[in-house]
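Structure first, commentary second.
The values are calculated or read from the model by the stated rules, or taken from the named source; none is laboratory data. Everything quoted here is computed from the prediction, not taken from an experiment. Every residue, glycine as well, gets a Cβ built from its backbone with ideal geometry; the counts of neighbours run over all protein chains shown. Surface areas here come from the heavy atoms of the whole protein model, side chains and all, with no ligands, DNA or RNA. Shrake-Rupley method; radii C 1.70, N 1.55, O 1.52, S 1.80 Å.
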Amino acid sequence: MTASTSLPRQAAPPRPARRPPEDPRHKARRRALTLLIIVLLIGVPAGYLVISANQSRDSGKDKEDKYSATGLTAGWPSKVQRRLYQVNIPRPADRIASYETNNWKTSRLYVQFRTNPAGLDTFLQSMGERRDELKKGDIAVSARDRKVSGWTFGGSGSWYGLTHTQKNPAPTQDVVVNMSDPNFPMVYVVSRTVP
């Protein structure tokens with residue numbers, strides 16, 4: 001084969017048709033739409049992360065404050081705590097405060113409240129005890145637990161106490177009652193459980 005008998009020439013690819021120049025309003029609209037898409041794709045997740053981080057930090061501070069508390073805190077213990085430690089605070093009751101400690105060996109819930117004679121009877125019955133089982137002068141709460149809770153059972157007061165012992169893992173409760181005002185006995189309870 002000679003050069004004159006070479007393959008036929010291929011045609012050049014067609015040129016793309018030229019677009020007419022873009023209208024300035026269309027160009028501005030397209031750029032605004034592109035900017036909006038970028039903001040939505042980046043800004044919304046970033047905003048969500050910032051809000052989520054702030055909520056998480058605030059939640060952590062609340063929990064830190066709660067669990068770093070030392071000593072009694074005014075207010076009812078949670079329902080879970082009352083059920084776990086079997087401390088049934090009667091109604092009516094006021095001057096309620098509680099504090100929980102946990103370690104690998106023993107968990108304790110310290111609770112204090114003031115009630116009326118019927119409330120005291122209801123509380124003791126919830127543990128399977130009666131008022132006549134309270135012993136005068138029996139400070140059932142140990143010195144260690146008094147130090148942790150800040151309770152002092154001295155001075156003026158008509159002190160009665162008992163210990164309600166149960167087999168593990170059920171909690172054991174140490175109870176001290178100040179009967180100096182028989183119409184409004186003040187009750188102090190340490191309920192401890194061994195996990």
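Evaluate the following for Arg95: is it loosely packed, with under 15 Cβ neighbours inside 10 Å and free of Cβ contacts under 8 Å to residues at least 40 places away in the same chain? Taking the combined requirement at face value, the residue does not satisfy it.
For the range 83-92, a residue qualifies if it is in contact (Cβ under 8 Å) with a residue 24 or more places away in the chain, under 19 Å from the mean Cα position of the chain (by Cα) and open to solvent by 20 Å² or more (accessible area, probe 1.4 Å), and exactly one does: Leu84.
Is the range 109-128 home to any residue that is basic (Lys, Arg) and touching a residue at least 12 places away in the same chain (Cβ under 8 Å)? Explain how you work it out, then say what you get.
Our first condition is that a residue be basic (Lys, Arg); within the range 109-128, this holds for 114.
So of that shortlist, the ones also touching a residue at least 12 places away in the same chain (Cβ under 8 Å) come out as 114.
Yes, because at least one residue in the range 109-128 is basic (Lys, Arg) and touching a residue at least 12 places away in the same chain (Cβ under 8 Å).
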